[in-house]
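This report concerns only the one structure given below.
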Amino acid sequence: MNTAIVERSSFNVGEQASLEKTFTQADVDAFSAISGDLNPVHVNEAYARSTRFGARIVHGSLVASLISAVLGTRLPGPGAIFARQSLKFRAPVYPGDHLKAVVTVTEWDATKGRIALNTEVLKGEVAVLTGDANLVMSAFLK
């Protein structure tokens, strides 16, 4: 089936989108293998138990990938190209934690196709990651 991909051309300040996910230890192990980040706090239970975290934690970049998934598929969606992103890691995430990534439009420049968004990942009511992102819609790059 050939389905046309539609790139949005208008956004509203305050508009939100989200995505929920629970990372497993298998996800963490796969990310370690793909990224080459074999920090023992992610892959070695005995080592991780000796840290202030008390157990293995999920890579911050893996947690941040939820934001990328929202930005690329939901808001702004297809055609969105990263220009800048800032991240602040506020609390650890453990395999099995249920997460919700939320992005909110803070600015939209319809003449340049640039969009600014507030980004966060929540574990229940706790923000484990906060930041912002600036993107440009690819249709404006032509």
Exercise for the section: With Cα Rg over 2.2 N^0.38 Å in mind, check (i) 1.17; (ii) 4.15; (iii) 1.53 and report the label derived from this structure. Expected result: (i)
Fill in the blank from the handout: Over the chain, the sum of -39500 (n - 2.57) across DSSP H runs of at least four, divided by residue number and rounded to 500 deg cm²/dmol, gives at 222 nm -6500 deg cm²/dmol
Practice task
Go ahead and set up a Gaussian network model of the chain, Cα springs under 10 Å, then flag whichever of Val58, Val102, Val13 fluctuates most.
Solution key: Val13
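Just in the range 39-83: which trypsin sites (Lys or Arg not before Pro) are loop by DSSP and have at most 14 other Cβ atoms within 10 Å?
Working: sites: Arg49, Arg52, Arg56, Arg74; in loops: Arg52, Arg56, Arg74.
In loop regions of the range 39-83 (DSSP not H, G, I, E or B), the sparsely surrounded trypsin sites (Lys or Arg not before Pro) are Arg52.
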Fill in the blank from the handout: Expressed as a whole-number percentage, the relative contact order of the chain with C-alpha contacts under 8 angstrom and at least six residues apart is 29
Fill in the blank from the handout: If each K or R counts +1 and each D or E counts -1, the residues other than Pro95 whose Cβ falls under 9 Å of its Cβ total -1
Problem - Cleavage-rule hits, chymotrypsin sites (Phe, Trp or Tyr not before Pro), the range 35-142, DSSP coil, Cβ neighbours within 10 Å at most 14 - result: Phe53
Completion exercise
Lys pairs in the chain with Cα under 13 Å (8 or more apart in sequence, or on separate chains) total 4
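Read-outs: derived from the displayed coordinates by stated rules, not from any lab. Source: prediction; values computed, not measured. Using ideal geometry, Cβ is built from the backbone for each residue, glycine included, and neighbour counts are taken over all protein chains shown.
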